[in-house]
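Chemist: This is the structure I have questions about; it appears just below.
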Amino acid sequence: MEARLNLLENPVLPRTIRHLNAVGKILSESALPAATQELVKIRASQINGCGFCTDMHTKDAAHAGETAQRLHLVAVWREATVFTDAERAALELAEQGTRIADAAGGVTDEAWENAAKHYDEEQLGALVGLIALINAYNRANVIVRQPAGDYEPGMFG
């Protein structure tokens with residue numbers, strides 16, 4: 001499988017990706033726990049059918065020490081006992097924020113209030129930014145059919 005368009009050699013997209021990466025750096029340096037960040041990126045990527053991002057973020061999470069059990073259970077987190085209440089709140093917010101078009105009214109007050117029980121204002125801001133950012137990456141990769149499987153942790157910097 002080959003991508004429809006080379007995201008790194010296109011005249012416009014490398015500059016766009018650099019800006020997205022700058023946003024990602026800000027978010028990664030926030031007080032939102034790194035493990036939660038990876039779980040959110042994985043779940044949104046699964047929902048969006050982005051193989052490239054799912055591959056990248058599961059490998060990055062494993063490289064950072066995440067367990068195989070938790071990684072295997074992200075897609076079914078509601079039925080899994082391995083996630084904290086805070087992680088579950090973040091995963092719910094990620095799902096609702098990713099599936100906006102599927103839900104009349106978008107993210108529910110209940111999902112927001114549950115997340116606000118576990119995260120302070122800075123962390124909530126990071127969570128919102130992260131959900132928006134991973135959805136942007138997912139959409140670009142899905143549109144161009146970016147192949148998955150070859151990512152190695154750290155290969156982009």
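Every residue, every condition in (1) modelled with pLDDT under 95; (2) under 13 Å from Arg43 (Cα atoms), yes or no:
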{"residue": "Val76", "(1), (2)": "no, yes"}
{"residue": "Asp85", "(1), (2)": "no, no"}
{"residue": "Arg88", "(1), (2)": "no, yes"}
{"residue": "Ala94", "(1), (2)": "no, yes"}
{"residue": "Ala101", "(1), (2)": "yes, no"}
{"residue": "Ala116", "(1), (2)": "no, no"}
{"residue": "Gln123", "(1), (2)": "no, no"}
{"residue": "Asn135", "(1), (2)": "no, yes"}
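Chemist: Could you please find all residues in region 1-47 being surrounded by fewer than 15 Cβ atoms within 10 Å (Cβ to Cβ), within 19 Å of Glu122 (Cβ to Cβ) and among the polar types (S, T, N, Q)?
Modeler: Selection gives Ser28 alone.
Chemist: Another question, then. Out of Thr98, Thr67, report the one residue that is within 15 Å of Ile134 (Cβ to Cβ) and either of a type in the set (Ser, Thr, Tyr) or touching a Pro at 6+ places or on another chain (Cβ under 9 Å) (or both).
Modeler: Being within 15 Å of Ile134 (Cβ to Cβ) and either of a type in the set (Ser, Thr, Tyr) or touching a Pro at 6+ places or on another chain (Cβ under 9 Å) (or both) holds for just one of Thr98, Thr67, which is Thr98.
Chemist: Continuing with the same structure: Taking interchain pairs and intrachain pairs at least six residues apart, which have beta carbon atoms under 7 angstrom, with the first residue in region 124-149 and free of Cβ contacts under 8 Å to residues at least 60 places away in the same chain and the second aliphatic (A, V, I, L, M)?
Modeler: Leu124/Ala115; Leu124/Ala116
Chemist: What number goes with the only condition from (1) more than 17 Å from the chain's Cα centre (by Cα); (2) within 19 Å of Thr98 (Cβ to Cβ) that Ile42 does not pass?
Modeler: All conditions pass for Ile42, except number (1).
Chemist: Among all residue pairs at least 6 apart or on different chains, which show Cβ distances below 6 Å where the first residue, located in region 1-26, is farther than 13 Å from Phe156 by Cα and touching a residue at least 24 places away in the same chain (Cβ under 8 Å) and the second is exposed (fewer than 10 other Cβ atoms within 10 Å of the Cβ) and of a type in the set (Asp, Glu)?
Modeler: Pairs that qualify, where the first residue is farther than 13 Å from Phe156 by Cα and touching a residue at least 24 places away in the same chain (Cβ under 8 Å) and the partner is exposed (fewer than 10 other Cβ atoms within 10 Å of the Cβ) and of a type in the set (Asp, Glu): there are none.
Chemist: A follow-up question, please. What number of residues in region 1-45 are of a type in the set (A, V, I, L, M) and under 29 Å from Glu87 (Cβ atoms)?
Modeler: First, the residues of region 1-45 that are of a type in the set (A, V, I, L, M): 1, 3, 5, 7-8, 12-13, 17, 20, 22-23, 26-27, 31-32, 34-35, 39-40, 42, 44.
Subset that is under 29 Å from Glu87 (Cβ atoms): 17, 20, 22-23, 26-27, 31-32, 34-35, 39-40, 42, 44.
Residues meeting the conditions: 14.
Chemist: Go through region 42-71 and give me each residue that's among the β-branched types (Val, Ile, Thr), touching a residue at least 60 places away in the same chain (Cβ under 8 Å) and more than 18 Å from Val144 (Cβ to Cβ).
Modeler: none
Chemist: Would you tally the residues in region 79-113 being of a type outside the set (A, V, I, L, M, F, W, C) and surrounded by fewer than 18 Cβ atoms within 10 Å (Cβ to Cβ)?
Modeler: 13
Chemist: Considering Ala31, Ala22, which residue is assigned to a helix (DSSP H, G or I) and over 24 Å from Asp150 (Cβ atoms)?
Modeler: Numbers: Ala31 fails: assigned to a helix (DSSP H, G or I).
The match here is Ala22.
The values are calculated or read from the model by the stated rules, or taken from the named source; none is laboratory data. This structure is a prediction, so every number in the text was calculated from the model and none was measured. Cβ coordinates were reconstructed from backbone atoms using ideal geometry, including for glycine residues, and neighbour counts include every protein chain displayed.
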